[in-house]
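For reference, the structure is listed below as structure tokens.
The values are calculated or read from the model by the stated rules, or taken from the named source; none is laboratory data. Quick caveat, the model's predicted, so the values are computed rather than measured. Every residue, glycine among them, receives a Cβ derived from its backbone with ideal geometry; neighbour counts consider all protein chains shown. Remember, those area values only see protein heavy atoms, side chains included, never the ligands or the DNA or RNA. Shrake-Rupley method; radii C 1.70, N 1.55, O 1.52, S 1.80 Å.
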Amino acid sequence: MDLSVHLPNLLGAAATSLLICSLSLLMAASLSFGAGVALFAGPAWLRAIAFAYVEIFRGTSLLVQLFWLYFALPLLGISLPPFLTGVLALGLNTGAYGAEVVRGALRSVSQQQHEAARALNFTRNQTLWRIVLPQSLVEMLPSFSSLAVQNLKDTSLVSMITIADLTFKAQEIRNLTQDTVAVYGTALLIYFAMAMSIVALMRILETRVARSTGRLS
Amino acid sequence: MSASIEFNQLHKRYGAHPVLRDFDLKVQAGETVTLIGPSGSGKSTVLRILMTLEPFQEGCLTLDGISYHQPHGKPPFFASDVHLHKVRAKVGMVFQSFNLFPHMTVLRNLVEAPTAVLGLSRDEAEGRAVELLHMVGLSDKAKAYPGQLSGGQQQRVAIARALAMRPQVLLFDEPTSALDPELVGEVLSVIRSLAHEHDLTMLMVTHEMRFAREISDRVCFFEGGRIVEQGKPDQIFNAPEQERTKRFLSSVLNG
Ligand SMILES: Nc1ncnc2c1ncn2[C@@H]1O[C@H](COP(=O)(O)OP(=O)(O)O)[C@@H](O)[C@H]1O
Ligand SMILES: [Mg+2]
């Protein structure tokens, strides 16, 4: 079995997967911080919205979310190209999990830090942005790393809405060549390599943040 | 410029558990007052109320002429942010466990609040921070992170950080209780140098009896949420009048 036969054909599709993954992660990161901070310190109405968002997207199936956006949005008069629909679904879904990570990390900063900030007359907002959030960043990164890998693996679902990602392309080539083991084997290896790259990048980021916040010297 | 403090008939409960009852305490501007007493008697609570970290249920607290009043019989209401901001601008606090910001260098710990809260320029704040670090003997640690310092060094940074805000009142809650015995001296000597400053009112809770005796203008013996006896250090330590004071002092001095 020679895996390299299918490699060139699959790499282009892998780039599509990676692009969807990156864009949805950018969106997820903004949503994570937005909703996570809202859950931690927002006014009641904003907390309620963030809570509803997080629970709806964590409590329902990603595939159904994807189909819903793909089939239901056009009925509401909003029609997005499949690519954007995929990014949107993944970003919303991962962002919901990320928001819980952010909220948990913010809560893990000790009450004593809040008191020290109050004694120095920082406002609530200053305490959040200058004292609490920077300290909680290190706590978030390991969980973000697994969410990012999960997000990469979940991109395979976009093949269901006609996007020619790695999974879609692998299926297509397999149908043509019937070389099931080699095609899917190659696809697995590519996913694995991409996941390892994400993990490595997040490790570097973790070290950077740890160093710039006094956790490592 | 320093500020006076007056607690008037203050009540403080945690849930149904009363901690302070009819609590009265007056501290003159520039005075150094020490609270001693058994643990659980409410000493920290007094400091925490002054620092606005805890609300109270009844009575009146006056700081430098600004009163915060809790009307009798009314449920506790909370001071406005404006009021709290004004009070906190006058009061600083040094905590038992230092509570430095671990993600900032020592210098940044001293510069952050003066720039963000007081609106000082970066240069001005850094200049002042450098002076304060020199005063507490830590000029060489400006670039270190708190986690790289000993407990005694961290507490000296914490004192400098509080002073950087130019408080009129400085509160110390057992500043040396979390320290190894050999590190206590360096922190006490910094506090000692402050006690002689006339423009700083100091209120301190400590178990270092010899130190309390040395630096205080007045010592208050605290038990069960009220001051049992107070007076000049010599009077309290040499000739306590109350039986409970005698018992406490003999237990800590001989214990
Ligand atoms: N946050 C809190 N919630 C409930 N009870 C508290 C709290 N803080 C302190 N107490 C209680 O109040 C009393 C006085 O505490 P504290 O002021 O810390 O005493 P001290 O500093 O003299 O040791 C103690 O009985 C303590 O258990
Ligand atoms: Mg205490």
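Output the peptides B:156-165, B:117-126, A:206-215 sorted from most to least packed, where packing is the average of other Cβ atoms within 10 Å over each peptide's residues.
B:156-165, A:206-215, B:117-126
So if I take the alpha carbon set of chain B, get Rg, then get Rh from the Kirkwood formula, what is the Rg over Rh ratio?
My calculation puts Rg/Rh at 0.97.
Suppose the Debye formula is applied to equal point scatterers at every Cα of the protein assembly as shown; what is log10 I(q)/I(0) at q = 0.09 Å⁻¹?
-0.74
Modelling each spin label as a point 7 Å along the Cα-to-Cβ direction, I'd like the A:VAL199/B:GLN148 distance in nm, to one decimal.
For the pair A:VAL199/B:GLN148, the computed spacing is 3.2 nm.
Any idea what % of Cα-Cα pairs in chain A are farther than 23 Å?
Every Cα pair in chain A considered, those over 23 Å come to 55 percent.
Taking only complete DSSP H runs, can you tell me which helices of chain A stretch 15 Å or more along their own long axis by Cα positions and average at least 1.6 on the Kyte-Doolittle scale?
Counting only whole DSSP H runs, the qualifying helices are A:7-41.
Calculate the mean, over all residues of peptide B:109-118, of how many other protein chain Cβ atoms lie within 10 angstrom of the residue's Cβ.
3
Label-point separation (nm) for A:SER30 and B:HIS134, each offset 7 Å from Cα along Cα-to-Cβ?
With each label point 7 Å from Cα toward Cβ, the separation is 4.9 nm.
Which residues in region B:24-51 have a backbone N closer than 15 Å to a point placed 7 Å from the Cα of B:THR62 along the Cα-to-Cβ line?
B:24-29, by backbone N distance to the label point.
How many Å² of accessible area per residue for region A:1-47, probe 1.4 Å?
Each residue of region A:1-47 exposes 52 Å² on average to a 1.4 Å probe.
Can you give the FRET efficiency for B:LYS246 and A:THR123, using 1/(1 + (r/R0)^6), R0 = 56 Å, r = Cβ-Cβ distance, to the nearest 0.05?
0.75
Once the cut-off is 16 Å, how many percent of the Cα-Cα pairs in region B:100-166 end up in the long-distance tail?
34 percent
Give me the distance in nm between label points sitting 7 Å out from Cα along the Cα-to-Cβ direction at B:LEU194 and A:LEU19, one decimal.
Each label point is offset 7 Å from its Cα along the Cβ direction, giving 6.0 nm.
Determine which lysines satisfy two conditions relative to B:LYS232: a Cα distance under 30 Å, and not lying fewer than 8 residues away in the same chain.
Cα-Cα hits under 30 Å: B:LYS12, B:LYS26, B:LYS43, B:LYS90, B:LYS246.
Across 5 Å bins from the origin, how do the percents of Cα pairs in region B:80-200 run, short distances first?
2, 12, 22, 24, 22, 12, 5, 1, 0
As a test of the definition: which semi-axes, in Å, follow for region A:22-140 when you take the square root of five times each eigenvalue of its alpha carbon gyration tensor? Largest first, please.
The three semi-axes for region A:22-140 are 34, 13, 11 Å.
What's the carbon and sulfur percent of the protein assembly as shown's accessible surface, probe 1.4 angstrom, rounded to a whole number?
C and S fraction of accessible area: 58 percent.
Roughly how many Å is it from the Cα centre of region A:68-146 to that of region B:176-255, as a whole number?
48 Å
For the protein assembly as shown, give the share of DSSP beta bridges that are antiparallel, in percent and rounded to the nearest 5; count only bridges with both residues there.
55 percent
For peptide B:99-107, compute the average count of partner chain beta-carbon atoms within 10 Å of each residue's beta-carbon.
Mean number of neighbouring Cβ atoms from other chains: 6.
Could you compute the FRET efficiency for B:HIS85 and A:ALA210, with r as their C-beta to C-beta distance and R0 at 35 Å, rounded to 0.05?
For R0 = 35 Å, the calculated efficiency reads 0.55.
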